[in-house]
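S.K.: Take a look at this one; I'll ask things after.
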Protein chains: 2
Amino acid sequence: MCPSCNGDSSSATHVERSDMVGVENSRIGRPAHAANGINGHANGSANSVNGSSSRPVQRINPYAPRASDFLNNVSNFKIIESTLREGEQFANAFFDTKTKIAIAKALDAFGVEYIELTSPAASEQSRLDCEAICKLGLRSKILTHIRCHMDDARIAVETGVDGVDVVIGTSSFLREFSHGKDMTYITKTAIEVINFVKSKGIEVRFSTEDSFRSDLVDLLSIYQTVDKIGVNRVGIADTVGCANPRQVYELVRTLRGVVACDIEIHLHNDTGMAIANAYCALEAGATHIDTSVLGIGERVGITPLGGLVACLYAAAPEYVKAKYNLPMLREIENLVAEAVEVNVPFMNPITGYCAFTHKAGIHAKAILNNPSTYEILKPEDFGLTRYVAIGHRLTGWNAVKSRVEQLALTLTDDQIKDVTSKIKELADVRTQSLDDVDTILRVYHSGIQSGELAIGQKEAFDRLLREHRATSQSFERSEPIAAAA
Amino acid sequence: MCPSCNGDSSSATHVERSDMVGVENSRIGRPAHAANGINGHANGSANSVNGSSSRPVQRINPYAPRASDFLNNVSNFKIIESTLREGEQFANAFFDTKTKIAIAKALDAFGVEYIELTSPAASEQSRLDCEAICKLGLRSKILTHIRCHMDDARIAVETGVDGVDVVIGTSSFLREFSHGKDMTYITKTAIEVINFVKSKGIEVRFSTEDSFRSDLVDLLSIYQTVDKIGVNRVGIADTVGCANPRQVYELVRTLRGVVACDIEIHLHNDTGMAIANAYCALEAGATHIDTSVLGIGERVGITPLGGLVACLYAAAPEYVKAKYNLPMLREIENLVAEAVEVNVPFMNPITGYCAFTHKAGIHAKAILNNPSTYEILKPEDFGLTRYVAIGHRLTGWNAVKSRVEQLALTLTDDQIKDVTSKIKELADVRTQSLDDVDTILRVYHSGIQSGELAIGQKEAFDRLLREHRATSQSFERSEPIAAAA
């Protein structure tokens with residue numbers, strides 16, 4: 001931690017300020033999202049402190065925002081959705097024209113700011129599809145992604161795209177084993193291509209490839225050069241998925257001091273850090289994040305759209321809700337999953353089938369009291385619902401009590417603890433469905449009401465359950481319990 | 001970035017040192033893993049620099065290791081594998097005794113340092129299973145995880161475990177909506193439980209729950225207290241999955257300055273950042289990371305074992321290879337996936353089915369020249385193989401050339417470019433299998449050899465392909481091409 005960032009509180013007067021509300025939501029003690037809806041920026045506090053003195057002022061609170069927080073774009077970013085470019089590089093992907101158009105329309109309806117398409121130089125059909133999507137009149141801007149080469153640039157600018165994303169490898173690995181060009185040649189070509197695209201009046205981005213294994217001076221030098229000639233964005237790419245969060249933060253922050261243009265980042269997910277790396281890039285001042293639906297792309301792919309939305313929603317829920325049509329997320333993921341013949345991963349953020357299922361007894365109790373105890377994402381904001389599992393051996397009596405109340409049964413806490421021990425005993429052999437649990441609760445309740453049953457009378461309860469089974473079709477479902485033992 | 005960390009190079013003599021090899025592998029310019037096998041610590045350079053002067057020395061290179069890097073435990077950590085505890089809280093999980101034992105044995109064979117089991121207080125079968133696993137005589141230490149309560153502790157210490165993991169919620173959310181206890185009560189109970197477990201001569205860990213939404217002073221205070229009475233480890237838990245990487249780094253670093261004992265971290269994955277958060281915790285000085293196989297646990301689960309191994313292998317390959325039986329990873333993931341009835345996600349690090357599949361033309365070319373260009377994980381270290389896809393419209397002639405050489409055909413580069421354009425044309429309609437590609441290459445080659453074909457004679461090539469189809473059963477596979485158009 002930088003010593004100049006946290007002031008010495010003993011040297012400054014302690015002041016209670018009503019506009020220092022952000023202070024309680026500090027990074028360490030209580031993150032911004034602990035208090036729903038307040039984002040990470042403690043607006044106003046820095047200005048008001050600075051206003052009281054002409055020399056640097058010691059901060060009065062060690063958890064006050066730091067200078068670096070003002071670079072933070074966690075609630076000020078754009079998504080470049082690359083399912084139709086990076087995603088086409090996924091092993092299973094083969095998108096026909098109809099599928100491409102369906103995906104582009106869905107992404108546009110979701111609200112992504114940019115849609116990136118495969119280079120029209122890749123194949124004739126790629127070129128035709130690019131033209132077709134440009135003609136759809138979507139709100140999202142359409143980009144295409146080309147090698148840093150005049151041949152490709154000439155084809156790209158004729159398709160009707162709103163911008164061209166140019167890329168070239170700068171790492172020693174790529175310079176030696178891929179294109180074999182030196183930095184002088186790379187710089188010269190980049191300038192030619194950028195000037196050409198700009199002359200057509202459309203956006204141009206220049207990105208290096210494998211940026212995290214490129215020489216830092218080479219990188220900064222070429223970014224500074226292209227910034228000076230008016231490129232719209234520079235891009236950093238972790239092409240091999242080797243970067244880690246603090247490394248991403250530092251490179252983006254360094255670059256933020258070198259160029260005036262926007263900064264885009266493209267992150268592969270080989271070690272599972274692409275979402276976190278994107279988040280740290282925004283904290284360091286990046287402006288545009290590349291995503292694909294479910295993260296599909298080369299190898300294990302890139303930052304997934306849904307995962308990025310999850311972490312940014314957690315940081316700045318109101319901003320993200322206002323910007324994107326969140327309930328569409330599941331539909332888009334299903335569309336793409338079907339097109340490339342994969343399943344939505346069970347542990348996918350937000351849409352994984354158990355993302356809002358609570359199981360442990362202590363979790364279930366708290367969730368029933370207040371969902372914010374164990375949920376930083378509100379399922380209803382994504383058109384989804386929460387589920388509290390209670391028919392398993394980790395269950396707790398508070399969760400069971402909630403079900404008792406839902407069923408409008410009248411039982412004391414001691415009675416609920418008693419019936420819970422029976423549920424745990426049965427669930428130790430086989431997980432009980434909600435129907436099973438409801439039956440157990442109803443039989444217990446009627447036994448108590450009729451006086452046939454009291455707390456602790458295990459054998460009487462077992463007899464009542466057997467009798468219920470004999471008379472009721474509905475209890476048939478629980479019958480395998482005995483057999484499974 | 002802390003200004004005191006990067007010295008002013010102009011005020012120090014420039015010295016070329018052979019032992020400064022770590023310098024080139026700086027965090028920003030070239031990460032450690034860019035040069036295979038060298039880990040992130042630039043051993044020796046700091047000591048040798050300090051040896052030359054009694055006052056703080058200005059570093060001669062801005063990319064030299066920083067003071068904070070010496071907290072880094074990225075190549076000095078232990079895994080607490082919690083599939084049999086956290087994993088049991090996964091919605092689908094119901095492990096019978098036999099399955100628990102199979103998973104425990106597999107984790108032991110893989111080499112995890114600790115295996116954590118469900119509380120024996122959860123149910124009678126949980127207690128019996130805990131005892132059974134303790135009697136297996138595994139190399140991994142066996143832990144069980146209990147609420148901070150003397151009733152649970154008394155049961156736990158009788159099971160034969162090597163240690164007890166104690167947890168209690170400290171966030172305002174949990175104190176209000178879960179257990180309703182204040183910090184005085186929490187501290188008093190913690191001391192009682194810790195002293196009791198220690199009196200039995202086994203390890204004890206004390207963890208807070210929902211640590212990132214707890215008051216920092218409360219947290220540090222209780223950790224300091226339990227450290228003083230001799231707890232073996234303190235644990236930080238991101239129970240709701242709200243933490244981000246730099247926040248984790250800062251909390252762990254702060255705690256590292258407060259306690260002398262080990263530091264464990266438990267991270268939920270609700271926003272997809274659990275792997276990256278674990279990595280940053282190690283960078284800040286954490287010593288133990290909680291994982292589960294495939295990340296299974298409450299909701300979308302916690303840091304997955306495979307993903308954590310991937311990012312740590314990328315940072316310190318030799319250390320990770322020496323420590324764990326990496327080729328077993330796939331087997332363990334399949335075992336657990338089957339037990340909880342899920343699929344291994346298609347984008348799983350390392351074992352996702354396309355993790356080593358390369359598709360884009362420029363990628364394929366470079367991979368064929370040198371796999372390190374696009375791979376930071378060596379598939380052979382995990383008992384897996386790489387695959388370069390070439391029968392698609394994004395293919396490139398370099399990838400095709402590699403296949404031509406594998407088939408021992410003789411074609412010039414111009415001829416290969418010519419046949420590649422045919423492959424792209426066909427793949428624009430339908431992705432071509434490797435068999436399809438091989439057939440196209442063989443027909444082209446024989447046409448060239450016989451003189452029936454020359455570069456650019458598209459119609460002649462189409463005729464040869466048709467003739468081949470008529471005479472050869474093997475070309476039947478490519479027939480749907482025309483129909484699909």
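S.K.: Mind checking which residues of region B:287-331 are of a type in the set (D, E, K, R), under 26 Å from residue B:167 (Cβ atoms) and out of contact with any strand residue (DSSP E or B) (no Cβ under 6 Å at 6 or more places or on another chain)?
M.R.: At the first step, the residues of region B:287-331 found to be of a type in the set (D, E, K, R) are B:290, B:298-299, B:318, B:321, B:323, B:330-331.
Going one step further and asking which of them are under 26 Å from residue B:167 (Cβ atoms), we end up with B:290, B:298-299.
Of everything in region B:287-331, those that are of a type in the set (D, E, K, R), under 26 Å from residue B:167 (Cβ atoms) and out of contact with any strand residue (DSSP E or B) (no Cβ under 6 Å at 6 or more places or on another chain) turn out to be B:298, B:299.
S.K.: Kindly evaluate residue A:431 against the criterion of being surrounded by fewer than 19 Cβ atoms within 10 Å (Cβ to Cβ) and closer than 23 Å to residue B:126 by Cβ.
M.R.: For residue A:431, the condition - surrounded by fewer than 19 Cβ atoms within 10 Å (Cβ to Cβ) and closer than 23 Å to residue B:126 by Cβ - is met.
S.K.: Of the residues that sit in region B:220-253 and are surrounded by fewer than 16 Cβ atoms within 10 Å (Cβ to Cβ) and touching a helix residue (DSSP H, G or I) at 6+ places or on another chain (Cβ under 8 Å), which one is nearest to residue A:281 (Cα to Cα)?
M.R.: Ranking the qualifying residues of region B:220-253, first place goes to B:221.
S.K.: If you don't mind, there's one more thing I want to ask. Any idea which residue in region A:253-293 is farthest from the other protein chains (Cβ to nearest Cβ), counting only those that are closer than 16 Å to residue A:75 by Cα and of a type in the set (Ser, Thr, Tyr)?
M.R.: Checking each candidate, the answer is A:287.
S.K.: Hey, any hits in region A:309-323 for a residue that's assigned by TED's automatic domain parsing to the domain that holds residue A:204, at positive phi and surrounded by 24 or more Cβ atoms within 10 Å (Cβ to Cβ)?
M.R.: no
S.K.: Of all residues in region A:204-215, which are buried (at least 19 other Cβ atoms within 10 Å of the Cβ), at the interface with chain B (Cβ under 9 Å from one of its Cβ atoms) and not in a strand (DSSP E or B)? Before you say what the answer is, go through the steps one by one.
M.R.: Within region A:204-215, the first condition is being buried (at least 19 other Cβ atoms within 10 Å of the Cβ), and the residues that meet it are A:204-214.
Still in the list and also at the interface with chain B (Cβ under 9 Å from one of its Cβ atoms): A:209-210, A:212-214.
Passing the criteria: A:210, A:212, A:213, A:214.
S.K.: For region B:180-229, which positions are within 34 Å of the chain's Cα centre (by Cα) and free of Cβ contacts under 8 Å to residues at least 24 places away in the same chain?
M.R.: B:201, B:217, B:228
S.K.: With a cut-off of at least 1 residues that are among the basic types (Lys, Arg) and at pLDDT 90 or above, name the helices (runs of 4 or more DSSP H) lying wholly within region B:315-405. Spell out the reasoning first.
M.R.: Working: elements: B:317-323, B:329-339, B:361-369.
It comes to B:317-323, B:329-339.
S.K.: I'd like the full set of residues that are modelled with pLDDT of 85 or more, surrounded by fewer than 20 Cβ atoms within 10 Å (Cβ to Cβ) and among the small types (Gly, Ala, Ser), limited to region B:64-86.
M.R.: Passing the criteria: only B:75.
S.K.: For region A:166-184, how many residues meet the condition of being away from chain B (no Cβ under 14 Å) and modelled with pLDDT of 90 or more?
M.R.: Qualifying residue count, region A:166-184: 0.
S.K.: Which fully enclosed strands (runs of 3 or more DSSP E) of region A:76-193 have 3 or more residues being farther than 30 Å from residue A:322 by Cα?
M.R.: On the way: elements: A:78-81, A:114-117, A:141-147, A:163-169.
Per the criteria, A:163-169.
S.K.: Filtering region B:352-394 down to residues that are at the interface with another protein chain (Cβ under 9 Å from one of its Cβ atoms) and β-branched (Val, Ile, Thr), which residue is surrounded by the fewest Cβ atoms within 10 Å (Cβ to Cβ)?
M.R.: Per the criteria, the residue is B:357.
S.K.: Same structure again: Looking at (1) of a type outside the set (Lys, Arg); (2) under 43 Å from the mean Cα position of the chain (by Cα); (3) at pLDDT 95 or above, can you tell me which one residue A:444 breaks?
M.R.: That leaves (2) as the condition not met.
S.K.: A further question follows. All but one of (1) at positive phi; (2) within 26 Å of the chain's Cα centre (by Cα) hold for residue A:160; state the number of the condition that does not hold.
M.R.: (2)
S.K.: Where residues in region B:118-144 are within 14 Å of another protein chain (Cβ to nearest Cβ) and among the polar types (S, T, N, Q), which of them is surrounded by the most Cβ atoms within 10 Å (Cβ to Cβ)?
M.R.: Across region B:118-144, the extreme among qualifying residues is B:144.
S.K.: To continue, here is another question. For region A:148-165, what are the residues that are within 12 Å of another protein chain (Cβ to nearest Cβ) and either crowded, with 22+ Cβ neighbours inside 10 Å or polar (S, T, N, Q) (or both)? Walk me through how you get there before you give the answer.
M.R.: Applying the first criterion (within 12 Å of another protein chain (Cβ to nearest Cβ)) to region A:148-165 yields A:148-149, A:152.
Answer for region A:148-165, where residues must be within 12 Å of another protein chain (Cβ to nearest Cβ) and either crowded, with 22+ Cβ neighbours inside 10 Å or polar (S, T, N, Q) (or both): just A:148.
S.K.: Shifting gears a bit: Scan region A:254-309 for residues that are within 24 Å of residue A:69 (Cβ to Cβ), part of a loop (DSSP other than H, G, I, E, B) and over 13 Å from the mean Cα position of the chain (by Cα) and jot them down.
M.R.: Scanning region A:254-309 gives A:257, A:258, A:259, A:260, A:261, A:284, A:285, A:286, A:287.
S.K.: Looking only at region B:87-117, how many residues end up being surrounded by fewer than 17 Cβ atoms within 10 Å (Cβ to Cβ) and free of Cβ contacts under 8 Å to residues at least 12 places away in the same chain?
M.R.: Result for region B:87-117: 2.
S.K.: In addition: If I ask for residues that are part of a helix (DSSP H, G or I) and either within 12 Å of another protein chain (Cβ to nearest Cβ) or surrounded by fewer than 22 Cβ atoms within 10 Å (Cβ to Cβ) (or both), which ones from region B:417-428 would you list?
M.R.: Residues of region B:417-428 part of a helix (DSSP H, G or I): B:417-427.
Listed by number, the residues that qualify are B:417, B:418, B:420, B:421, B:422, B:423, B:424, B:425, B:426, B:427.
S.K.: I'd like to know if region B:360-379 contains one or more residues that are within 27 Å of residue B:460 (Cβ to Cβ), more than 20 Å from the chain's Cα centre (by Cα), outside the structural domain of residue B:90 (by TED's automatic domain parsing) and in contact (Cβ under 8 Å) with a residue 24 or more places away in the chain. First the steps, then the outcome.
M.R.: Residues of region B:360-379 within 27 Å of residue B:460 (Cβ to Cβ): B:361.
This time we only want the ones that are more than 20 Å from the chain's Cα centre (by Cα), so: B:361.
If we keep only those that are outside the structural domain of residue B:90 (by TED's automatic domain parsing) as well, we get B:361.
Narrowing the set further to residues that are in contact (Cβ under 8 Å) with a residue 24 or more places away in the chain leaves B:361.
Scanning region B:360-379, I find at least one residue that is within 27 Å of residue B:460 (Cβ to Cβ), more than 20 Å from the chain's Cα centre (by Cα), outside the structural domain of residue B:90 (by TED's automatic domain parsing) and in contact (Cβ under 8 Å) with a residue 24 or more places away in the chain, so the answer is yes.
The values are calculated or read from the model by the stated rules, or taken from the named source; none is laboratory data. What you see is a predicted model, and the numbers here were worked out from it, not measured in a lab. Note that each Cβ is placed from the backbone with ideal geometry, even for glycine, and that neighbours are counted across all protein chains shown.
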